[in-house]
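Encoded as structure tokens, the structure appears first; notes follow it.
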Amino acid sequence: MRIKLTINKKKRVYEGAPFKRLIDVLRENYELTGTKEGCGEGECGACTVLVDGDPVNSCLIPVAQMNGRRIETVESLGTPKSLHRLQESFLREGGAQCGICTPGMLMSAWAWISRGGSARPSEIRRALAGNLCRCTGYQHIVNSVIKIIKERKRESRTK
Ligand code: FES
Ligand code: FES
């Protein structure tokens, strides 16, 4: 099957098995190994990527459903040499510890931030409810997100 999709702003044509999971296509066909597999059953959110701006579990989606869709993975944020400000914030606040949940957490958080989501901790927790973390107790993650939302608000006021 031939599927046209956009991954991290690059147009791609996938040719292969239609039921291959999106996470496997990203990791194996396009070497985007930032997306991690945790449970493989749609429970943990480690594999979260954005599809047309919405967070989805890439372990549950067959690539056949991606024709014409826009996919963003954690590689769309920053690079090891030039981290995205949200990644820097996770680093500063201790929002990443073992790091298994981190790529998915970053993508869900970025979806929330880029939609203009509020800095209220309860709402951030709700936005990240599909992403499980066994290390941080969530508070550091929430703090990382609050910092960025507040920074962005300050910046938009001074423009
Ligand atoms: S690996 Fe996809 S939700 Fe857990
Ligand atoms: S940092 Fe370890 S699971 Fe979240």
Review point. For the peptides 96-105, 78-87, what is the packing order when you average, over each peptide's residues, the other Cβ atoms within 10 Å and list the highest mean first?
Key: 96-105, 78-87
**Study point:** Estimated FRET transfer efficiency (S118, T158; beta-carbon r; R0 30 Å; 0.05)
**Key:** 0.90
Check your understanding: Which chymotrypsin sites (Phe, Trp or Tyr not before Pro) from region 1-48 combine a DSSP loop assignment with at most 14 other Cβ atoms within 10 Å?
Key -> F19
Study note, to complete from the structure: Neighbours of V74 by Cβ distance under 12 Å: Lys/Arg at +1, Asp/Glu at -1, summed charge 0
Exercise for review: Would you pull out the residues with amide H under 5 Å of L128's amide H, same chain only if 5 or more places away, H placed 1.01 Å from N?
Suggested key: none
Practice item. Let me have the 222 nm mean residue ellipticity of the chain computed from DSSP H runs of 4+ only, each contributing -39500 (n - 2.57), with the sum over all residues rounded to the nearest 500. Key: -9500 deg cm²/dmol
Check your understanding: Under 15 Å from the Cα of K81, which aspartates and glutamates turn up, not counting those fewer than eight places away in the same chain?
Key -> none
**Study point:** Loop-resident sites, region 104-141, for trypsin sites (Lys or Arg not before Pro), counting at most 10 other Cβ within 10 Å (DSSP)
**Key:** R115
Review point. Which lysines, on any chain, are close to K11 with Cα under 23 Å apart, when same-chain ones fewer than 8 places away are left out?
Key: K20, K36
Revision key, fill the gap. With +1 on the Cβ of every Lys and Arg and -1 on the Cβ of every Asp and Glu, the dipole magnitude of the chain about its Cα centre, in debye rounded to the nearest 20, is 740
Point to revise | Rg over Rh, two decimals, region 2-76 (C-alpha only, Kirkwood Rh) | key: 0.91
Revision key, fill the gap. Using alpha carbon centers only, region 9-48 is separated from region 118-141 by a whole-angstrom value of 24
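Laboratory data are not the source of any read-out in this text; all were calculated from the coordinates shown. Quick caveat, the model's predicted, so the values are computed rather than measured. Note that we place each Cβ from the backbone using ideal geometry, even for glycine, and neighbour counts take in every protein chain shown.
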